[in-house]
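J.: Sharing a structure below in structure tokens format, with a few things to ask.
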Amino acid sequence: MKKQYLYPQNMKTSAKLWFWNLRDIILLGVFITLSVVAWAKLGWIPPAAFTLVFAFLTIRMDESSVLDYLLRAWRFFVGTQQKYEWKEDE
């Protein structure tokens with residue numbers, strides 16, 4: 001019996017699990033663990049809120065996320081200098 005292998009059309013895509021990249025899943029696992037420990041031992045909820053915000057910002061749809069969009073907007077409006085040259089037509 002022949003084995004059939006299915007490959008994605010674009011071999012440069014990153015590995016995904018559900019709606020997140022694997023790197024984001026690993027970070028979410030670490031953040032959730034720290035959030036549960038902080039909530040159980042200290043009664044401190046802000047790490048859980050940070051984890052939920054991070055999870056929302058890193059959801060990927062069509063190879064882009066809200067976090068990517070916000071980072072690009074930050075670079076365009078704040079991070080880089082905009083240079084405009086006005087020349088009069090002769």
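Every number in this text was worked out from the coordinates using simple rules, so none of it is lab data. Just so it is clear, the structure is predicted and the values come from calculations on it, not from any experiment. Every residue, glycine as well, gets a Cβ built from its backbone with ideal geometry; the counts of neighbours run over all protein chains shown.
J.: Exactly which trypsin sites (Lys or Arg not before Pro) in segment 24-84 are in a DSSP loop and have at most 14 other Cβ atoms within 10 Å?
T.: Details: sites: LYS41, ARG60, ARG72, ARG75, LYS83; in loops: LYS83.
When the trypsin sites (Lys or Arg not before Pro) of segment 24-84 are filtered for loop state and at most 14 Cβ neighbours within 10 Å, LYS83 remain.
J.: Starting from the amide H of ILE59, placed 1.01 Å from N in the peptide plane, find each other amide H under 5 Å away whose residue is 5 or more places distant or on another chain.
T.: VAL66
J.: Here is a follow-up. Report the gain in length on full extension from LYS3 to ARG72: 0.36 nm times residue separation, minus Cα-Cα distance, nm rounded to one decimal.
T.: Details: separation 69, 0.36 × 69 = 24.84 nm, distance 4.31 nm.
Gain on extension, LYS3 to ARG72, equals 20.5 nm.
J.: Which whole-number percentage describes the relative contact order of the chain, with Cα contacts under 8 Å and a sequence gap of 6 or more? It would help to have the intermediate numbers written out before the result.
T.: Values: 42 pairs, mean separation 16.8, N = 90.
Relative contact order, the chain: 19 percent.
J.: Summing -39500 (n - 2.57) over the DSSP H runs of n ≥ 4 in the chain and dividing by its residue number, what mean residue ellipticity at 222 nm do you reach, to the nearest 500 deg cm²/dmol? Display every interim value, and only then the final one.
T.: Working: 3 runs with 37 residues, N = 90.
-13000 deg cm²/dmol, from helical runs alone.
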